[in-house]
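The values are calculated or read from the model by the stated rules, or taken from the named source; none is laboratory data. Everything quoted here is computed from the prediction, not taken from an experiment. Ideal geometry is used to build each Cβ from the backbone, glycine not excepted, and the neighbour counts take in all protein chains shown.
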Amino acid sequence: MLLEPLLDVRDLQVQFTRHGQAVTVVDGVSFQVGAGETVALVGESGCGKSVTARSILGLIRPPGRVARGQILFAGQDLLSLGEAEMRRIRGNAIAMVFQEPMTSLNPVYTVGQQIAEALRLHRGLTGRRALAEAVELLRKVQIADPERRVHEYPHQLSGGMRQRVMIAMALACRPRLLIADEPTTALDVTVQAQILELLRQLQAEFGMAVLMITHDLGVVAEVAQRVVVMYAGKVVEEGTVAEIFRQPGHPYTAGLLQSVPRLGQGKGRLRPIPGTVPDPAAMPGGCRFHPRCPLADERCRREAPTLEPRSETHRVACWWAGPAAGSGVA
Amino acid sequence: MDGNLQPILQVRDVKKHFPAGRRRPPVKAVDGVSFDVYPGETMGLVGESGCGKSTLARLIVRLLAPSAGTIRFAGQDVTRARGARLRQLRRDMQMVFQDPYSSLNPRLTVRDIVGEPLLVHGLARGRELERQVGELLEAVGLRAGHARRFPHEFSGGQRQRIVIARALALRPRLVVCDEPVSALDVSVQAQILNLLQDLQQRFGLTYIFIAHDLAVVQNVSDRIGVMYLGRLVELAPAQALFESPLHPYTRALISAVPVPDPEAAARRERIVLRGELPSPARPPAGCRFHTRCPLAVDRCRTEVPTWREVEPGHWVACHLAGEGEAAGKGVSAAVPVAATAR
């Protein structure tokens, strides 16, 4: 990235208190998102990707807290802002779409009332003007018959339509950054394809940046330009989509790519990653992936590797990932 | 499948209609489905939410009774079995559910969970039960020592192993797996898929494998059936289904699966389906897919397509299938890459 990034997360650490003990679930995470760029934050459950996303919007509530780090958005540290200032940013410059559209919409208000509320709060529109704009937004997210749908309640809509409504609300204020946390995970594949296509179109039209949180490598390959891979609260690898999929540098990334079944490869055995994700309260020492890693040696058990550059865009945190692929210990 | 092999399961024109209250049409969750399953094979069933695949699974293992049609297991009518015959059927057919968190009783130890079927059917108790539970746990990649623990002490993948051990306790011949890996992380999903294949070899199991994820289904299946709104629209050997799908819905489904390969993702043409899934209480007349089909012609709106074998083992319900270009290459060309939701 040549320009100053739109979003610059630096050394973020988030802790939760569990049974009186502080558990670090995000540990020293740094990454950037450029203006207009789509970055995927990838990892399995418990890797800290959603907590990272929520930290950006200041949505971490006790017993959780951001213990350390900076989140610079257009040069301004969001962590230094008060709640009132943060509210002006949330929904305006940065918007978020969540996984489950049913739980993010209020069941007792019509779709139109909910979109209108966002328009009133953020753009000062009221009454007829807000309603007309809500209809326009529904049309923008390709909901058929928006004049009728705007008066319907969330339960009257299908899952795919609800997610379109969420996107319409997120776009109400033309955000510069859209954070989408597993936006298609609860949807069927054909609906997922519709929503991903819609996000692509809207991004091209509005020029917004997208931070896509997902566990699905297929979705990553479809939408992202750059990828940040997280494991057990840390970034283990970062690179362009081509680098991550063609020359994965971290054994975890490589393992994930190998373990996904692919269409057309037929019946057969897969190559899973052995073991399971560690408990954040009992993180392994050294490299956190070492108990599951085929390459792990003494050093991996003792010392935690840091992210080291492999190319201008590619960084890997692994003792075995030298500047050139497979060149062994640096 | 061999032509002379007898099917282990025969499903014939099975329907399940759920009443939806007075003055409301019933929900036709499954509405006329027929297929055979052969011993030792894995028959995959795919389809999106509401297509009836889970209802069909429950009909097969007789957790539900069909509204019409017959289901025969090893020649015996499942739907009318009672008493001793029903008990034997319950041993022969087992089910693995999606959510390993809600399908295990949190108050029971793993020993009680896995041993319960043996106890209920009077097959083992005391030390013999202990021994068999230990063997089952080892068969699914756990340790005999895990028997004393409770479900909450295990991860999602390990819990699904416990569920599988319980399903295997009675030495079933047919195991119906309903979304067995969709609640699991990618790396763990692969472990369970491999385990299921190993166990199939070792115990000579027949599987019906239901999932919404085509890549997963294809990884384990010999043959695959595609369901849409309560009906099978296509059924074919797995390879044929992916290499030469005949039904426009199958094509759309395949093209919608995100591919974990950025170059392939950029290259391929995507068929984005229009509109919303119709209600199974009021399915469209004619071909049920016609409201969303990019190829639909007048005939599709009025006439229900017959379920026919276009090539040996390749079944499809589409008026246009097999008519060369019309249903063949034409599909992707005829559909705009990003159709709008109308």
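Residue B:185 passes every criterion in (1) among the charged types (D, E, K, R); (2) touching a Leu at 6+ places or on another chain (Cβ under 7 Å); (3) surrounded by 20 or more Cβ atoms within 10 Å (Cβ to Cβ) apart from (2).
Scan region A:290-316 for residues that are closer than 23 Å to residue A:227 by Cβ and assigned to a loop (DSSP other than H, G, I, E, B) and jot them down. Matches in region A:290-316: A:293, A:294, A:295, A:304, A:305, A:306, A:307, A:310, A:311, A:312, A:313, A:314. Please tell me if residue B:256 is within 11 Å of chain A (Cβ to nearest Cβ) and free of Cβ contacts under 8 Å to residues at least 12 places away in the same chain. When the stated conditions are applied, residue B:256 does not pass them. Note on region A:102-116: residues that are closer than 12 Å to residue A:150 by Cβ and not aromatic (Phe, Trp, Tyr) amount to 7.
Entry remark, region A:198-242: residues being polar (S, T, N, Q) and part of a strand (DSSP E or B) number 2 in total. Taken as a whole, region A:187-206 holds no residue that is buried (at least 21 other Cβ atoms within 10 Å of the Cβ) and away from chain B (no Cβ under 12 Å).
Being of a type in the set (Asp, Glu), at positive phi and over 15 Å from the mean Cα position of the chain (by Cα): is that true of residue A:11 here? Yes, satisfied.
Of all residues in region A:240-284, those satisfying the criterion of being of a type in the set (A, V, I, L, M, F, W, C) and more than 8 Å from chain B (Cβ to nearest Cβ) are A:244, A:254, A:281, A:282, A:283.
Of all residues in region A:183-195, those satisfying the criterion of being in contact with a Lys or Arg (Cβ under 9 Å, 6 or more places away or on another chain) and not polar (S, T, N, Q) are A:193, A:195.
Scanning region B:130-167 for residues that are small (Gly, Ala, Ser) and touching a Lys or Arg at 6+ places or on another chain (Cβ under 8 Å), we see that the one that is surrounded by the most Cβ atoms within 10 Å (Cβ to Cβ) is B:147. Just one of (1) under 27 Å from residue A:55 (Cβ atoms); (2) more than 16 Å from the chain's Cα centre (by Cα) fails for residue A:199. It is (2).
Looking only at region A:273-289, which residues are modelled with pLDDT of 90 or more and either outside any loop (DSSP other than H, G, I, E, B) or among the aliphatic types (A, V, I, L, M) (or both)? A:273, A:283, listed by residue number.
Hey, residue B:222 hits all of (1) touching a residue at least 60 places away in the same chain (Cβ under 8 Å); (2) more than 10 Å from chain A (Cβ to nearest Cβ) but one; which does it fall short on? Unmet for residue B:222, out of (1) touching a residue at least 60 places away in the same chain (Cβ under 8 Å); (2) more than 10 Å from chain A (Cβ to nearest Cβ): (2).
To keep it simple, each residue is scored yes or no on (1) buried (at least 24 other Cβ atoms within 10 Å of the Cβ); (2) more than 30 Å from residue B:25 (Cα to Cα); (3) within 12 Å of chain A (Cβ to nearest Cβ); (4) not hydroxyl-bearing (Ser, Thr, Tyr).
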| residue | (1), (2), (3), (4) |
| --- | --- |
| B:218 | yes, yes, yes, yes |
| B:251 | no, yes, yes, yes |
| B:282 | no, no, no, yes |
| B:286 | no, no, no, yes |
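Filtering region A:81-104 to residues that are part of a loop (DSSP other than H, G, I, E, B) and either at pLDDT below 90 or small (Gly, Ala, Ser) (or both) leaves A:82, A:91, A:92, A:93, A:98, A:99, A:100. In region B:1-15, is there at least one residue being modelled with pLDDT under 90 and in contact with a Lys or Arg (Cβ under 8 Å, 6 or more places away or on another chain)? Yes, region B:1-15 has at least one match. Within region B:108-129, the residues that satisfy the criterion of being surrounded by 19 or more Cβ atoms within 10 Å (Cβ to Cβ) and within 13 Å of residue B:87 (Cα to Cα) are B:117, B:118. Say whether the condition of being outside any loop (DSSP other than H, G, I, E, B) and within 14 Å of chain A (Cβ to nearest Cβ) is met by at least one residue in region B:15-37. For region B:15-37, residues outside any loop (DSSP other than H, G, I, E, B) and within 14 Å of chain A (Cβ to nearest Cβ): absent. Could you tell me whether region A:115-135 includes any residue that is surrounded by fewer than 19 Cβ atoms within 10 Å (Cβ to Cβ) and either under 30 Å from residue A:21 (Cβ atoms) or among the aromatic types (Phe, Trp, Tyr) (or both)? No, region A:115-135 has no match at all. Residues that are in contact with a strand residue (DSSP E or B) (Cβ under 9 Å, 6 or more places away or on another chain) and of a type outside the set (Val, Ile, Thr) within region A:236-250 comprise A:237, A:238, A:239, A:243, A:245, A:247, A:248, A:249, A:250, listed in sequence order. Could you say whether any residue in region B:86-107 is assigned to a helix (DSSP H, G or I) and closer than 22 Å to residue A:276 by Cβ? So far as region B:86-107 goes, no, none of its residues is assigned to a helix (DSSP H, G or I) and closer than 22 Å to residue A:276 by Cβ.
The set of residues in region B:113-161 being assigned to a loop (DSSP other than H, G, I, E, B) and more than 30 Å from the chain's Cα centre (by Cα) consists of B:122, B:124, B:125, B:149. None of A:38, A:24, A:103, A:17 is on the phi < 0 side of the Ramachandran plot and within 14 Å of chain B (Cβ to nearest Cβ) except A:38. Screening the candidates B:266, B:236 for the property of being among the small types (Gly, Ala, Ser), within 12 Å of chain A (Cβ to nearest Cβ) and not in a loop (DSSP other than H, G, I, E, B) yields one hit, B:266.
Checked against (1) among the polar types (S, T, N, Q); (2) crowded, with 16+ Cβ neighbours inside 10 Å; (3) assigned to a strand (DSSP E or B), residue A:55 passes all but a single condition, namely (3). Selection of region B:162-181 for residues being assigned to a loop (DSSP other than H, G, I, E, B) and farther than 18 Å from residue B:133 by Cα yields B:173, B:179, B:180, B:181. Among the numbered conditions (1) outside any strand (DSSP E or B); (2) away from chain A (no Cβ under 11 Å); (3) over 18 Å from residue A:192 (Cα atoms), the only one that residue B:187 does not meet is (2).
Return yes when residue B:49 is of a type in the set (Gly, Ala, Ser) and over 19 Å from residue B:174 (Cβ atoms) and no when it is not. Against the criterion (of a type in the set (Gly, Ala, Ser) and over 19 Å from residue B:174 (Cβ atoms)), residue B:49 qualifies.
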